[in-house]
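What follows is a set of notes on a single structure, which appears directly below.
FYI, it's all coordinate maths here, none of it is from the lab. The structure presented is a predicted model; accordingly, all values stated were derived computationally and were not measured. Methodologically, a virtual Cβ is constructed for each residue, glycine included, from the backbone with ideal geometry; neighbour enumeration extends over all protein chains shown.
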Amino acid sequence: GIEETICTMRLKENINDPARADIYTPEVGRLTTLNSLNLPILKWLQLSVEKGVLYKNALVLPHWNLNSHSIIYGCKGKGQVQVVDNFGNRVFDGEVREGQMLVVPQNFAVVKRAREERFEWISFKTNDRAMTSPLAGRTSVLGGMPEEVLANAFQISREDARKIKFNNQQTTLTSGESSHHMRDDA
Amino acid sequence: QQQDECQIDRLDALEPDNRVEYEAGTVEAWDPNHEQFRCAGVALVRHTIQPNGLLLPQYSNAPQLIYVVQGEGMTGISYPGCPETYQAPQQGRQQGQSGRFQDRHQKIRRFRRGDIIAIPAGVAHWCYNEGNSPVVTVTLLDVSNSQNQLDRTPRKFHLAGNPKDVFQQQQQHQSRGRNLFSGFDTELLAEAFQVDERLIKQLKSEDNRGGIVKVKDDELRVIRPSRSQSERGSESEEESEDEKRRWGQRDN
């Protein structure tokens with residue numbers, strides 16, 4: 001019965017189609033994920049993939065990869081990337097251009113931003129159900145903590161703790177431009 | 001595991017090798033490079049949190065099991081994607097507010113002597129000592145676990161404060177530690193959080209309090225059920241029946 005299972009298994013999937021995006025914000029960008037839930041062979045390989053597109057000035061909110069490494073390959077344009085290790089040291093601060101590869105180790109914090117042009121990349125992840133934990137935005141790790149914990153941790157007022165938790169209500173992707181306006185309001 | 005890592009001629013009972021003192025507690029670590037720990041693929045650390053002390057949010061590259069040796073307190077474990085199910089009651093609706101700025105956060109768990117707390121790799125947590133005596137915990141980090149795809153070096157990633165790396169040898173960690181935010185551009189973080197750069201500088205925690213800090217106001221005020229509500233027995237059931245009657249509720 002192997003032909004009924006392995007031989008006919010789906011091995012191919014197109015990740016470029018914008019209509020397939022899992023996360024999409026107009027004029028900011030999109031992310032499409034391929035993991036063992038939508039391509040079951042990846043469970044065997046214990047790998048997954050993410051395709052990302054960022055428009056001008058947009059950014060992927062800072063986050064860490066919870067259970068995998070992430071190997072980024074620049075597909076089109078260039079993006080500014082910063083990676084921070086467990087000592088708080090910036091171990092990468094530069095551009096990833098088309099054709100270049102960057103390894104972001106598990107648990108290292110990373111932020112990506114498109115500057116004056118659109119940036120497209122693909123991330124290979126070493127877990128078939130790779131997970132990220134955002135540092136900012138509506139679903140961020142700080143958003144899940146009590147105001148009082150943030151106020152004491154950072155020596156800020158409760159009002160400022162609320163701003164940290166609630167000012168950016170976007171998840172994953174955000175527009176750098178609009179934040180300048182919001183910053184003035186904050 | 002490399003070959004010969006478990007060729008041990010003699011075993012010893014070991015005391016911690018390294019100790020770091022903070023504003024409201026201490027962290028002690030056993031040398032993770034000791035052959036016994038390398039053989040087992042684990043690292044160990046002991047936290048002592050003084051009353052009203054807060055162990056700042058952090059995560060590790062390895063899954064952790066924490067044993068509470070003494071004391072009592074509360075801990076918050078932030079799983080990415082989980083909802084903030086502890087919510088303050090909505091206020092000010094009549095003033096035209098949507099309740100956006102009422103606090104809400106993920107579940108908080110109480111702990112006491114004898115408890116084991118399990119924390120997956122990469123999941124952030126914080127701890128607060130709400131008792132009158134120090135909280136002492138012993139934590140095992142399973143660095144050889146498949147959840148850790150980095151090497152076998154135990155790593156703590158700090159989301160706040162400026163703690164030193166307790167697993168590094170004394171001479172290597174003289175300088176002040178840094179949290180994750182201190183590694184990013186201030187301007188980039190201001191865009192990500194949509195706050196002003198003054199507040200981002202606070203996130204970078206350039207102070208001398210370390211990784212366990214004293215809570216202002218002598219108490220950490222968070223949203224949670226009161227102890228009397230959660231621990232009272234039949235008395236509270238009767239009380240809740242009264243409550244139901246008062247609010248006109250009936251069991252379906």
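See the values below:
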item: Convex hull volume of the protein assembly as shown per residue (C-alpha atoms, cubic angstrom); result: 222
item: Surrounding net charge for A:ARG20, when Lys and Arg each add one and Asp and Glu each subtract one, Cβ distance under 11 Å; result: -1
item: Contact order normalised by residue count of the stretch A:1-102, Cα under 8 Å, 6+ apart, percent; result: 18
item: Proxy reagent accessibility, fewest Cβ within 10 Å first, across A:SER157, A:SER36, B:SER205; result: A:SER157, A:SER36, B:SER205
item: Lys pairs, the stretch A:76-186 - Cα-Cα below 28 angstrom, 8 or more residues apart or on other chains; result: 7
item: Segment B:THR85-B:ARG109, length gained on full extension (0.36 nm per residue, minus Cα span); result: 7.4 nm
item: DSSP-assigned coil residues among trypsin sites (Lys or Arg not before Pro) in the stretch B:1-56, each with at most 15 further Cβ atoms within 10 Å; result: B:ARG10
item: For A:MET101, B:MET74, order by how many other beta-carbon atoms lie within 10 Å, fewest first; result: A:MET101, B:MET74
item: Which of A:LYS76, A:LYS112, A:LYS165 has the fewest Cβ neighbours within 10 Å, and the rest in rising order; result: A:LYS76, A:LYS165, A:LYS112
